[in-house]
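The values are calculated or read from the model by the stated rules, or taken from the named source; none is laboratory data. As the structure is a prediction and not an experimental result, all values here were calculated from the model. Glycine also receives a Cβ, built like all others from the backbone with ideal geometry; neighbour counts cover every protein chain displayed. SASA here: full protein model, heavy atoms, side chains in, ligands and nucleic acids out. Shrake-Rupley method; radii C 1.70, N 1.55, O 1.52, S 1.80 Å.
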Amino acid sequence: MNLRFPLRGLLVALCISWMLSLAQARELPDFANLVERQGAVVVNITANRATSGVATPPLQQEDMGSVPEWWRRFAPRQPDQQVPEDEDESVGSGLIVGADGYIITNAHVVAGADEILVRLQDKREFAARLIGSDRRTDIALLKIDATGLPRAVLGDSSKLRVGDWVLAIGSPFGFDNSVTAGIVSAKGRSFPDDSLVPFIQTDVAVNPGNSGGPLFNLRGEVVGINSQIYSRTGGFMGLSFSIPIDVAMDVQAQLRDRGRVRRGRIGVLIQEVTRDISDSFDLDRPRGALVGAVEPGSPADQAGIKVSDIILRFDGKPVETSSELPRIVGATQPGRKAGMQVWRQRALIDVSVGVAELPEEEAARQAPASKPADVRGGNRLGLLTQDLNAEQRKQLKLDRGAAIRRATGAAARADLRPGDVVVAIVSRGQVQDVRNAEHFNRLVDGLSAGAAVSLQVRRGDTLSFVGLRTAARQP
């Protein structure tokens, strides 16, 4: 009996099976299930800021070429699109960390904001109050009046490996719920102004608007908060940096408890230990933090730390690079005694040092407002208006209307601008002409909270309707 051909067929089948398995192993991971499970914990954040002073801009028509009005109204604001001079709006992302409405984002997203709005994946919008903000780690904690929210599943950023797949969800350039993926490029990155954060470097596409959004591992756990990019153009160039989730959660816990973050300090100026330095100090290998100066009267000075000491351990934790020491000391509660191991004159010395508090500016706070859009004399739509003067009436050929001087909140998001003229208001199907600024404010005051309203607006020679809602919408 000839077994040559059956054996050959078996070998071919095994070979094909092996190649199919190898091809499957090389397939990219499927992120779709992860996004479906965790997408709802990501929110869009809009922070509005108004500059000081109120000027009356000239009423003129902007040259928009062939761009249709509806596109400018409803598309996300493009980077080169003009923003009203007295209104600054930034868009970012956030992560729900509490079913009762606690959200973390980047401090730079909400810095100086007069109004913060949070939009959930289901399109509900909430006015948020700022519980606290920490500039040094770029973490801020927000609170919205909502319950039963989906909550993020947190992972362990220390278990990430270089080369692991990660995924980001955010609102780049205002495009909500955008998903990008990549790998971990490096861990423990530090910058001159960010020595307290061991950044996770990735090649995930992150752009303006992703700030404050989460970085997920393949298990759907949040391992970081996207914070920075390296770019020479303002856009993504392959280098993105995320705050490890354990750092972010420690900061938010302190902001929730006391509204600010307390950090330790010992009062030393340090530098990196290079190969040449380690050899000259007869250290086994380059590691630790070399003390270049000691602040007089500081905890380090009182503990006997000297210039040229190399700090190898602090509070039981090894110090491999100089950038690690500020993070370890900063995470130590002020008032504690901490053990420190230093290399001095070719010998290991154990030192006990008291940890002082690192001076920190008072964390930014914002009290809840009953009428978020009612600012600096504006009405509940976020509009400050004035009567048309004689020259404007003649130029626009109008005998009625209210000219916009400032647009904030909902009005600014609807792309209303100084120089526009409100000529009519529509509510519950009723159209009412606007005679002047006082009449317009009375009409707005008569609207209920969260009421849908359309404004007929004159911009140059163009009339169009703009839809928005009054302030203080409730969930």
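Some values worked out for this structure:
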quantity	calculated
Residues of the stretch 257-288 classified as among the aliphatic types (A, V, I, L, M) and either over 27 Å from ILE139 (Cα atoms) or open to solvent by 60 Å² or more (accessible area, probe 1.4 Å) (or both), total	4
When residues of the stretch 336-358 are limited to those that are of a type outside the set (A, V, I, L, M, F, W, C) and touching a Pro at 6+ places or on another chain (Cβ under 7 Å), the one surrounded by the fewest Cβ atoms within 10 Å (Cβ to Cβ)	GLU357
Those strands (runs of 3 or more DSSP E) lying entirely in the stretch 97-137 with at least 3 residues touching a Lys or Arg at 6+ places or on another chain (Cβ under 9 Å) and closer than 28 Å to PRO198 by Cβ	125-134
Residue satisfying condition, being among the β-branched types (Val, Ile, Thr), open to solvent by less than 10 Å² (accessible area, probe 1.4 Å) and over 17 Å from the mean Cα position of the chain (by Cα), within set VAL197, VAL204, VAL222, VAL184	VAL184
Residues (part of a strand (DSSP E or B), of a type outside the set (Gly, Ala, Ser) and crowded, with 22+ Cβ neighbours inside 10 Å) located in the stretch 138-160	ILE139, LEU141, LEU142
The stretch 98-116, residues that are under 14 Å from the mean Cα position of the chain (by Cα) and open to solvent by less than 20 Å² (accessible area, probe 1.4 Å)	ILE103, ILE104, THR105, ASN106, ALA107, VAL109, VAL110, ALA113, ILE116
Any pair with Cβ under 7 angstrom, 6 or more apart, that starts in the stretch 403-418 at a residue that is of a type outside the set (A, V, I, L, M) and ends at one that is assigned to a helix (DSSP H, G or I)	ASP415/ARG72; ASP415/ARG73
Lone qualifier among ALA410, ALA437 - being of a type in the set (A, V, I, L, M, F, W, C), crowded, with 20+ Cβ neighbours inside 10 Å and closer than 23 Å to ARG49 by Cβ	ALA410
Test: residue in the stretch 460-467 that is surrounded by fewer than 16 Cβ atoms within 10 Å (Cβ to Cβ), farther than 13 Å from GLY401 by Cα, under 32 Å from the mean Cα position of the chain (by Cα) and of a type outside the set (Asp, Glu)	yes
Residue pairs meeting the criteria (Cβ under 9 Å; at least 6 apart or on separate chains; first within 21 Å of GLN121 (Cα to Cα) and assigned to a loop (DSSP other than H, G, I, E, B), in the stretch 201-214; second charged (D, E, K, R) and modelled with pLDDT of 90 or more)	SER211/ASP138; GLY212/ASP138
Wholly within the stretch 361-475, strands (runs of 3 or more DSSP E) carrying at least 1 residues that are modelled with pLDDT of 85 or more and farther than 27 Å from HIS108 by Cβ	383-387, 402-407, 421-427, 430-433, 452-459
